[in-house]
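In what follows, a single structure is set out as structure tokens and then discussed.
The values are calculated or read from the model by the stated rules, or taken from the named source; none is laboratory data. What you see is a predicted model; the values in this text were computed from it and never measured. FYI the Cβ positions are ideal-geometry reconstructions off the backbone, even for glycines, and counts take in every protein chain you see. Ligands, DNA and RNA are excluded from the accessible area calculation, which covers all protein heavy atoms including side chains. Shrake-Rupley method; radii C 1.70, N 1.55, O 1.52, S 1.80 Å.
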Amino acid sequence: MESQLGLIENSFDLRYSKWVHDALDELPDSFTITDPCIHGHPIIFASNGFLKMFGYSKNEVIGRNGRIFQGPETDRRSVMEIREAIREERAMEISLLNYRKDGTPFWMLFRMCPVFSKEDGRVINFVGVQVPILRKMRSSEMTLCENRVGIRESMFKCCRREVCSDSVFDLGHSSSLESVSSYDDRELEINEPCQASELEKTKATAAISNILSVLTHYSELTGRMVCRKRCCFLTGNGQLTASLNISLGRIKQSFVLTDALLADMPIVYASEAFLKLTGYARHEVLGQNCRFLSGMNTDPTSQFQIKKCIQTEQACTVRILNYRKDRTSFWNLLHISPVRNASGKVAYFVGIQVEDGCKNEEDKRALRPETRQLSVVGAVKVAVRGLSIRAAATSTS
Amino acid sequence: MMLKIKRVPTVVSNYQKQEVEGVRHAGGCGRNCFRSCCLPGAKLPLYAFKKVDKLVSEKGLVNKDPPVDFLDALLLGEWEERMQRGLFRYDVTACETKVIPGKCGFIAQLNEGRHLKKRPTEFRVDKVLQPFDENKFNFTKVGQEEVLFQFEASEDDKVQFFPIAPIDTENSPSVVAINVSPIEYGHVLLIPRILECLPQRIDRESFLLALYMAAEAGNPYFRLGYNSLGAFATINHLHFQAYYLATPFPIERAPSKKIITTSHGIKISDILNYPVRGLVFEGGNTLEDLSNVVSDSCVCLQENNIPYNILITDSGKRVFLFPQCYAEKQALGEVNPELLDTQVNPAVWEISGHMVLKRKEDYEEASEENAWRLLAEVSLSEERVEEVKELIFEAICCNIKEEDKAGTKAVVTSTESNEDMDAIKGSHPAMVPV
């Protein structure tokens, strides 16, 4: 957990500078900022408004995933929609039941928006805004009320006992509300889906706008600029590759993805573990062919073996001498496999590095390193096929 | 008169042969199978799962590390290993697949190699419960190399993994095996208590095992499915199927409308805006509660000779139940010949919106309209579904959780007990006609 918190602080400050915290703290809204590239897709910033609304302290929230605010009555389909929006890197808005620290549930309008790197079009963060839905309304009453002036009052007037009869319980129970005057949101029928009003939606839009302004501004200070839309034109596999970041971030092992459709097969993805193993920074390896890992004493036969496998689109394992950035060497039990996209053709090669001689003492009961290595192949194959399946729909057959 | 249809069965094992009824095979084999001729002394990895107490995600502060994706890694790693060993009949990732444009997002795959052009076998489709037949193909006849690991509940409260464990025949192991004609990456078969040679029928224990597997894998793109006899199960040996597909299934995106909540907190809803009518079960205080409500519903359908399919999604948090009647319609000659030509047998995956197509023209011309039309044929009529729902609700003795609008909740306690259930089981007539 320690190193993860360090990663979080690092990534946030490097991108936006340490002054961004103060600027964000000045915004009154409830919102969170997450980093999809860190394992577990954790929250890296939570506003004071958020902490107040949910009843948590900052330490309890930073580093955790948003699912901790869900509970037994949270609609699973809505959770799935959020998950898909994240995977597809698009903005979305949904009414969702969340839970405070004390266990009480409440409805809120959740608006989420990706933040893209201006340089390479990758998603850097997701911003999530939470606007509480204070008056529970059925959607049919919504339109009635919105047409009137003075929304607050009319909302109250609309919610009369007769109007709010519940037709969901079609088993002969009358389920009118007992009292209209005490509109405590604790009395909300949490099983009944809840619609946000225009007022709440407007609040959400404004909040997102403000937050993005702050982030854009502060990213200019560090030179690592962000923007609201993907403004980078990505060719070939490019779009798919950028989207893979979120899916591949789940995998803890050292591996790289090379683009089979580009000349000289450059690395288009490198895991944190790979960077740690080799000592390079991400920007130093992206765009390079893997051969930079080889050095003076690397056996050219192994390199040739790799080349052959790639040409014949076969999987292979070679034991090859590789070099870190500091020029120290290590024996790499490298496994390479072709990875196809939804069209059925090879789109990438995945290379998974296992440092030979590096035995995990504690785990006789753990998976064999070979199984772990192959599981990365499987995970990458599933991710690539799944993500490209939608792209396949839009291309002409 | 027995209702039958002709089908070319899917080859799920490299040791599966066209079984002709009445032909006896010479005992013993040298094939390294799962029977007494080869099993003694055999070893397999054993994954012992922790019995999860809570179904729901933890609220509030929990200072634990996120769960290691152990089962996920084991499944993917072992499957890929078999892949590289050449045990599958084809590389499923080389099969083109796409999402059909439209609101539902049906998924189509062009797979010309899944079905061999063998002569069709006759399948009886009018009885959901049929006794196990040793002469037909069953999973004890698969090669041991096709079995990936044993899957059991752990003795204590944590996950245990034994890379090499003997297969304890006394202990009635459950195993996970590959499907050599995969629909998607990672296509496996979960075979509860394989050596007991149970026929294809759900009971509380076996369904709970399947639900645990979904929860344990913890991957929303790893889904489990079940086909009863008469709903396109081809092998009468108890098994569930599972595979990975990292995109939402149309059924998962369909809206639902709550019917009731049981006293254990299971929410049962109607599926809306979807060509196949069915129920979705979710929630519950524990995994076991959800499991029991669903399996009791299945038992009810089985007792009433109603074929059905089950889909387990959302890491075991949502379960779909579809009663169906297509096979019988087919046998009675009531299905549109155009639909029959596509040779799509609507089992659980097809019903969920994932269609494997054998002919290129069907793949090229696949449309939301066609898919909807096919699945609509599978669905029971509205009246019929209401009857079925009544049967189910009666059987699970559920009580409505009353939501008192004054703020206090009055929960009617359940009289759910095994004795009650047995009493009800005996009182229903057999086949209810479509």
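When A:Met92 is tested against (1) modelled with pLDDT under 85; (2) open to solvent by less than 60 Å² (accessible area, probe 1.4 Å); (3) under 30 Å from A:Gly386 (Cβ atoms), only condition (1) is not met.
Hey, does segment A:24-41 have a residue that's part of a loop (DSSP other than H, G, I, E, B) and within 10 Å of another protein chain (Cβ to nearest Cβ)? Yes. Restricting to segment A:303-321, name every residue that is open to solvent by less than 30 Å² (accessible area, probe 1.4 Å) and under 19 Å from A:Glu355 (Cβ atoms). Listed by number, the residues that qualify are A:Ile306, A:Cys316, A:Val318, A:Ile320, A:Leu321.
Residue pairs whose Cβ atoms lie under 7 Å apart, sitting 6 or more positions apart in sequence or on different chains, and linking a residue in segment B:160-186 that is on the phi > 0 side of the Ramachandran plot to a partner that is assigned to a helix (DSSP H, G or I) and surrounded by fewer than 18 Cβ atoms within 10 Å (Cβ to Cβ), are B:Ser172/B:Glu196. Annotation: A:Gly103 fulfils all but one of (1) within 19 Å of A:Arg64 (Cβ to Cβ); (2) of a type outside the set (Asp, Glu); (3) in a strand (DSSP E or B); the unmet one is (3).
Among the numbered conditions (1) touching a Ser or Thr at 6+ places or on another chain (Cβ under 9 Å); (2) assigned to a loop (DSSP other than H, G, I, E, B), the only one that A:Leu277 does not meet is (2). Checked against (1) modelled with pLDDT of 95 or more; (2) open to solvent by 60 Å² or more (accessible area, probe 1.4 Å); (3) at the interface with chain B (Cβ under 9 Å from one of its Cβ atoms), A:Trp331 meets all criteria but (3).
For (1) in contact with a Ser or Thr (Cβ under 9 Å, 6 or more places away or on another chain); (2) surrounded by 16 or more Cβ atoms within 10 Å (Cβ to Cβ); (3) among the aromatic types (Phe, Trp, Tyr), each residue gets a yes or a no:
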{"position": "A:Ile8", "(1), (2), (3)": "no, yes, no"}
{"position": "A:Trp19", "(1), (2), (3)": "no, no, yes"}
{"position": "A:His39", "(1), (2), (3)": "no, yes, no"}
{"position": "A:Ile68", "(1), (2), (3)": "yes, yes, no"}
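Close contacts from segment A:78-100, counting a first residue that is of a type in the set (Gly, Ala, Ser) and a second that is part of a helix (DSSP H, G or I), with Cβ to Cβ under 8 Å and a gap of 6+ residues or different chains, come to A:Ala91/A:Ala85; A:Ser95/A:Ser78. Can you pull out every residue in segment B:317-358 that is part of a loop (DSSP other than H, G, I, E, B), away from every other protein chain (no Cβ under 14 Å) and touching a residue at least 60 places away in the same chain (Cβ under 8 Å)? Scanning segment B:317-358 gives B:Cys325, B:Leu332, B:Gln343, B:Asn345, B:Pro346, B:Ala347, B:Lys358. When B:Phe161, B:Phe151, B:Phe137 are screened for being under 15 Å from B:Thr234 (Cα atoms) and surrounded by 19 or more Cβ atoms within 10 Å (Cβ to Cβ), only B:Phe137 passes. The set of residues from segment B:242-277 being on the phi > 0 side of the Ramachandran plot and more than 11 Å from chain A (Cβ to nearest Cβ) comprises just one member, B:Asn273. Checked against (1) farther than 16 Å from B:Ile183 by Cα; (2) open to solvent by 20 Å² or more (accessible area, probe 1.4 Å); (3) modelled with pLDDT of 70 or more; (4) charged (D, E, K, R), B:Lys64 passes all but a single condition, namely (3). For segment A:281-328, a tally of residues being away from every other protein chain (no Cβ under 14 Å), in a loop (DSSP other than H, G, I, E, B) and not β-branched (Val, Ile, Thr) returns 14. Out of curiosity, is B:Tyr226 modelled with pLDDT of 95 or more, more than 13 Å from every other protein chain (Cβ to nearest Cβ) and closer than 24 Å to B:Gln109 by Cβ? For B:Tyr226, the condition - modelled with pLDDT of 95 or more, more than 13 Å from every other protein chain (Cβ to nearest Cβ) and closer than 24 Å to B:Gln109 by Cβ - is met. If you go through segment B:92-118 and pick out every residue that is more than 8 Å from chain A (Cβ to nearest Cβ) and open to solvent by 10 Å² or more (accessible area, probe 1.4 Å), you end up with 11.
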